[in-house]
Amino acid sequence: LQYYLLYVAGLREQDDMEENIDASTLGSAVHYVLENIYKEVVGKNLTPNFFEQLLTNKLRIEQLLKESFAGRFDDESLANGKNYLLYRVCLKLVDEFLKQEFALVKEDETRSAQTKILMLETEMIQPIIVSNFTVNIRGKVDRVEEKNDIINIADYKTGSDSGNKLNVDDIKQLPDTPKFSKAMQLLMYAWMY
């Protein structure tokens with residue numbers, strides 16, 4: 001029902017000021033920061049220098065994070081208690097992600113490999129015909145990149161991965177087994193791409 005109301009009927013929840021940062025708000029904030037960091041390098045090869053500049057400019061990351069919370073939280077509510085701790089968790093998640101990316105790009109450089117971001121936060125639509133009706137399958141992919149002529153599709157997850165599996169022995173289990181929902185999502189993105 002929630003899927004129908006949001007994506008088919010196009011109804012949105014009213015944007016009210018939140019009291020506490022919830023999991024979806026935390027995930028959205030991290031997505032916002034990463035999207036805005038990487039959008040300047042879409043279509044370009046990632047370099048160690050790009051990450052060195054990011055990792056030494058923590059103020060930029062903090063500004064982006066505060067932008068993502070603007071309208072939902074005022075500065076005072078982010079400065080104390082649980083919200084402050086969750087705000088710091090967001091900063092740490094972004095920082096750790098960028099450090100991992102930096103290490104991968106440095107490793108790639110030693111092997112003469114290069115990673116190019118092709119798409120960020122892009123909605124993809126693929127029509128299929130079902131009983132003479134056209135049904136549009138759509139999704140918003142977080143990141144598509146190319147490394148040495150291989151396309152990689154990423155969907156950032158900030159929550160726990162418990163209960164979700166990406167490796168599947170029997171592909172027939174994908175459509176209706178909840179523990180494979182993330183694997184199914186990535187396969188759909190690959191198909192749409």
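The values are calculated or read from the model by the stated rules, or taken from the named source; none is laboratory data. Please read all numbers here as calculations on a predicted model, not as lab measurements. Note: ideal-geometry Cβ built from the backbone for every residue, glycine included; neighbour counts use all protein chains shown. Accessible surface is based on the protein model in full, side chains and every heavy atom, while ligands, DNA and RNA are left aside. Shrake-Rupley method; radii C 1.70, N 1.55, O 1.52, S 1.80 Å.
Quick look at the numbers
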item: Members of region 63-75 that are under 18 Å from the mean Cα position of the chain (by Cα) and either without any contact (Cβ under 8 Å) to a residue 24 or more places away in the chain or over 26 Å from E146 (Cβ atoms) (or both); result: L65, K66, E67, S68, F69
item: Residues located in region 22-48, provided they are in a helix (DSSP H, G or I), in contact (Cβ under 8 Å) with a residue 40 or more places away in the chain and open to solvent by 30 Å² or more (accessible area, probe 1.4 Å); result: A23, S28, H31, E35, K39
item: Any hit, region 92-105, residues being over 17 Å from S28 (Cβ atoms) and touching a Pro at 6+ places or on another chain (Cβ under 6 Å); result: yes
item: Failed criterion for F51 (all others in (1) at pLDDT 75 or above; (2) part of a helix (DSSP H, G or I); (3) more than 20 Å from the chain's Cα centre (by Cα) hold); result: (3)
item: Qualifying residue in region 118-137 (condition: open to solvent by 50 Å² or more (accessible area, probe 1.4 Å) and more than 30 Å from Y7 (Cα to Cα)); result: no
